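The structure appears right after this line, and notes come after that.
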Amino acid sequence: MQSHLLDAFLLLASSAFTSPAGTDPANDRDRIAGTWKLVSVVYEDAKTGERTPVLGAHPKGCQIATPEGRWLALVTAEGRTLPQTDEERATALRTMIAYTGKYRLQDGKVITKVEAAWNEAWVGTEQVRAYRFEGDRLHLESPPQPHPNIGGRIVRIIVTWDRDV
């Protein structure tokens, strides 16, 4: 029963996940191509709306989008240390996100068909992010989804990038 409720919630949430008006995929593909430096990663709790900078105030990361359609994103939390134990290695895995695959732009969303990821559950899935530009800043927002780094809690992932010049 709980699984059906979760499925219904995710379907409803993703249908409410709309794209910005006036997006131009041809122009946007030129704008999104390049390298981007991470500014912030925030998770917004689907139930409470509470926003948390889960990787700290100053996370590190890079995103690369090629004009040919390749996507690569890697983000890590601030304050990570070199892991020495299995527990520390598990913590290091929970304080990062990384995935790559082919992407396309559609209806104000960037959709990446994941080929490899830090989380094997993402491999073979499509990761969907609404995008919008603010000058040389790129904002990406996921629909509500369970996130493996926080016990499957349902969150929207909100990531902000600055063009890396």
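The values are calculated or read from the model by the stated rules, or taken from the named source; none is laboratory data. Worth saying up front: this structure is predicted, and the values here are computed from it rather than measured. Because the Cβ atoms are built from the backbone with ideal geometry, glycine has one as well, and the counts that use them run over all protein chains shown.
Listed by position, the strands (runs of 3 or more DSSP E) inside region 25-90 whose residues that are surrounded by 12 or more Cβ atoms within 10 Å (Cβ to Cβ), under 17 Å from the mean Cα position of the chain (by Cα) and at pLDDT below 95 number at least 2 are 34-45. Out of everything in region 146-165 that is more than 20 Å from Lys60 (Cα to Cα) and surrounded by fewer than 17 Cβ atoms within 10 Å (Cβ to Cβ), what residue ends up being modelled with the highest pLDDT? Out of the qualifying residues, it is Pro146.
Number of residues in region 115-138 that are closer than 20 Å to Thr76 by Cβ, assigned to a strand (DSSP E or B) and free of Cβ contacts under 8 Å to residues at least 60 places away in the same chain equals 4.
When Val110, Val114 are checked against the criterion of being touching a helix residue (DSSP H, G or I) at 6+ places or on another chain (Cβ under 6 Å) and modelled with pLDDT of 95 or more, Val114 stands alone in meeting it.
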